[in-house]
1. With the condition kept exactly as written, say whether any residue in the range 495-513 is buried (at least 20 other Cβ atoms within 10 Å of the Cβ) and under 20 Å from GLN557 (Cα atoms).
2. Does the range 225-245 contain at least one residue that is out of contact with any Asp or Glu (no Cβ under 6 Å at 6 or more places or on another chain), charged (D, E, K, R) and either more than 30 Å from GLN118 (Cβ to Cβ) or assigned to a helix (DSSP H, G or I) (or both)?
3. Does ILE437 fit the bill of being surrounded by 16 or more Cβ atoms within 10 Å (Cβ to Cβ), at pLDDT 80 or above, β-branched (Val, Ile, Thr) and in the same structural domain as LEU510 (by TED's automatic domain parsing)?
4. For residues in the range 460-489 being of a type in the set (A, V, I, L, M, F, W, C) and within 30 Å of ASP551 (Cα to Cα), which is modelled with the lowest pLDDT?
5. Restricting the first residue to the range 489-518 and requiring it to be within 21 Å of LEU624 (Cβ to Cβ), which pairs with a second residue that is acidic (Asp, Glu) and surrounded by 14 or more Cβ atoms within 10 Å (Cβ to Cβ) meet a Cβ separation below 6 Å and a spacing of at least six or different chains?
6. Could you tell me how many of the residues in the range 399-432 are in contact with a Leu (Cβ under 7 Å, 6 or more places away or on another chain) and among the aromatic types (Phe, Trp, Tyr)?
7. Can you confirm whether the range 359-378 contains a residue that is of a type in the set (A, V, I, L, M), more than 60 Å from the chain's Cα centre (by Cα), modelled with pLDDT of 75 or more and surrounded by 12 or more Cβ atoms within 10 Å (Cβ to Cβ)?
8. Go through (1) among the β-branched types (Val, Ile, Thr); (2) more than 49 Å from the chain's Cα centre (by Cα); (3) at pLDDT below 80 and name the single condition ILE492 misses.
Amino acid sequence: MLTMLCIDSDPQRLAQIIEDLHPLNIRLTLLQATSLFQAEQLILQNKQNIVLILCAQTLADGNAMSIFKRSQSSTMGKIVYAATPCATELIDYINQGHIDYFITLPYQAQELISIIQQQVSHYKINHQQHPSSSKNSIVDTTRLLDKPELSNPSNFKEKFLDYSLYSDSELSHLVIKSLYKVLETGDQYKIRRHYSANHILTREGEKNCFLWFITKGEVLLKKRNAHGEIQDITIMQEGTMVGGMSFLTGEPAFSTGITLVETEVLKVDNTIFSQIMQSNTALLAPFTNLLLRNFNRRLQHSISTELALQETLESLDVAYNQLIESEKMVVLGQLVTGVAHELNNPVAAILRGSDSLKELIFTLLCCNDNSPFFQLARRTLQQGLSLVPLSTSEIRQRTKQLLPKIKDKKLAKYLINMDLDDKQIPLENNRNLRESILLLDKFYQVGSILRSSNACASRIADLVKSLKHYAAQDSPVSELADIHEGLEETLIIFENKLKHHSVIKEYQQLPKIECHPIELEQVWTNIISNAIDATGDTGIIKISTVYLPYDEAPSIQVIIEDNGPGVPAHNLDKIFELNYTTKREGHFGLGIGLTICSQIIKQHHGNIEIESQLGLFTRFIITLPVFNPNIESERLPLLRS
């Protein structure tokens, strides 16, 4: 016969327990001890037969639970009772497997007998059916769940780790069946509820005082997003619970739970929950495990969502960078046609000059001496390199004054262009005045061609530099830059388009500012390009700069204004929105140029504003700080701000 040991330092209470357990005498031999020493002796004498130890939490001669650490009792069931338990100590002993059950005094005799019977049944399952296994052997939980006599979770070892053997559905089924077991004698707590479809269980943002176990049906969880739109989160099925987090923490409900079909739930409030747990402590471990799983699932879902969101943001960054490059290529495509035409003129001039030089150089090489004429010729060549061409009106006026002396209008113009109209021309080597002037003109042409070629080459270099600068990428490190240089490089790119426009520049003296200059040139390019499109073939574009020398935070302003048709007042708020464009038919635009401008200026901790009046003007005002120490640390992908 199996033996149970009862330990209590209070003899009177021990006698009462033995009397209450009298109905078990036919199945168990009851031993009793009033001290730890006496209990240890009984365990040594009967260690093969003792299946259960029942003791008070504290004894006069020490902590009763220390006896449970003995190796001899590792396979025994252990039940502790107390009127005022030490919660911290109790939880530690449960988690460490030193006790299996706890009862609060005063106890009900029938309840105590039922618990002992369950523990004995548990012992028999593990030792009589599987004698070679230890107390911690794994039991086929799926098979055991279907047995009515094992439906109560107290039939299994009350250690949290044991519940890792259960699937989510099995553990939920176990808890719900245990709750129904509590209700077998009658639903005195009135927790069993039936609801039709579209019944609200929890409401987002409101206090939730209930824990809802879904025993049948489905519940949809909904939540409002950042834009105020309500979105479906998930559908909770039979065997799950709703409102666990807000029920335990007292925080407002995270989501709204609404039944989708006819649904049966177990509705538990704080008071009922406490009463059920006190009357049936076997529910504590499986319920805690189930609750932790629910929280863990939510945490895992949040982490997965965060990772997916991070991947999405990274994809958006890539897509946005591609959009920026697309917009840049659109502008470059528009500019390349004009720049190609602009390059054609200086290149053609250089080619023509090269052909002329081939012919002239041989003539000049044959005439190399130190006579007064060739000294004048060399000075004339130098003048060709440096003289600024005269206006047509001045040439005409000076020609009239020289004609009485030269008698040849063409020769007079040659002399005037060479600034020799008041000089005496030496006549040497049998050359007359005409031949001498024509030879001097050849020297002048060489100088003039070289000057023109140098100017054309500089022009080409400026255009190529501006295009390369615009198409380049900024360094991740900011630099001190002259805003006027960026504006001038941008105007060089647009020079062909601006031939028939009046460009007014009103520049104040500005300090260099801390910035990413190529990004700012993209801003100037977009705004000036829009101004050109707005004004058509002819118009006025005014570019002004202003220095605002505030003591603590000096800044500069760039103001770009055109005399185009203007922007309607109701569209001004949309002007910086993505995909919004005011381009007229025939002017291609992606609708992201001004969005990029706005984000670049924000990244520079600046501000961009637009003012417009229909039929009169449109004005962009860009304000930028001179000192920008945080520009690197805050340089995030543009569309995230």
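The values are calculated or read from the model by the stated rules, or taken from the named source; none is laboratory data. Note that this is a predicted model, so its numbers are computed, not measured. Note that each Cβ is placed from the backbone with ideal geometry, even for glycine, and that neighbours are counted across all protein chains shown.
1. yes
2. Yes, the range 225-245 has at least one match.
3. Details: surrounded by 16 or more Cβ atoms within 10 Å (Cβ to Cβ): yes; at pLDDT 80 or above: yes; β-branched (Val, Ile, Thr): yes; in the same structural domain as LEU510 (by TED's automatic domain parsing): no.
Spelling it out, it is not the case that ILE437 is surrounded by 16 or more Cβ atoms within 10 Å (Cβ to Cβ), at pLDDT 80 or above, β-branched (Val, Ile, Thr) and in the same structural domain as LEU510 (by TED's automatic domain parsing).
4. Within the range 460-489, the first condition is being of a type in the set (A, V, I, L, M, F, W, C), and the residues that meet it are 460-461, 463-464, 467, 471-472, 477, 480-481, 483, 487.
Narrowing the set further to residues that are within 30 Å of ASP551 (Cα to Cα) leaves 477, 480-481, 483, 487.
Values: VAL477: 78, LEU480: 90, ALA481: 90, ILE483: 93, LEU487: 91.
If we take residues in the range 460-489 being of a type in the set (A, V, I, L, M, F, W, C) and within 30 Å of ASP551 (Cα to Cα), then VAL477 is modelled with the lowest pLDDT.
5. As it stands, the answer is THR490/GLU521; HIS516/ASP474; ILE518/ASP474, since those pairs meet every condition given.
6. 0
7. Residues of the range 359-378 that are of a type in the set (A, V, I, L, M), as a first pass: 360-361, 364-365, 376-377.
Still in the list and also more than 60 Å from the chain's Cα centre (by Cα): 360-361, 364-365, 376-377.
Pick out the ones that are also modelled with pLDDT of 75 or more and you get 376-377.
Among the residues that remain, those that are also surrounded by 12 or more Cβ atoms within 10 Å (Cβ to Cβ) are: 376-377.
Yes, because at least one residue in the range 359-378 is of a type in the set (A, V, I, L, M), more than 60 Å from the chain's Cα centre (by Cα), modelled with pLDDT of 75 or more and surrounded by 12 or more Cβ atoms within 10 Å (Cβ to Cβ).
8. (2)
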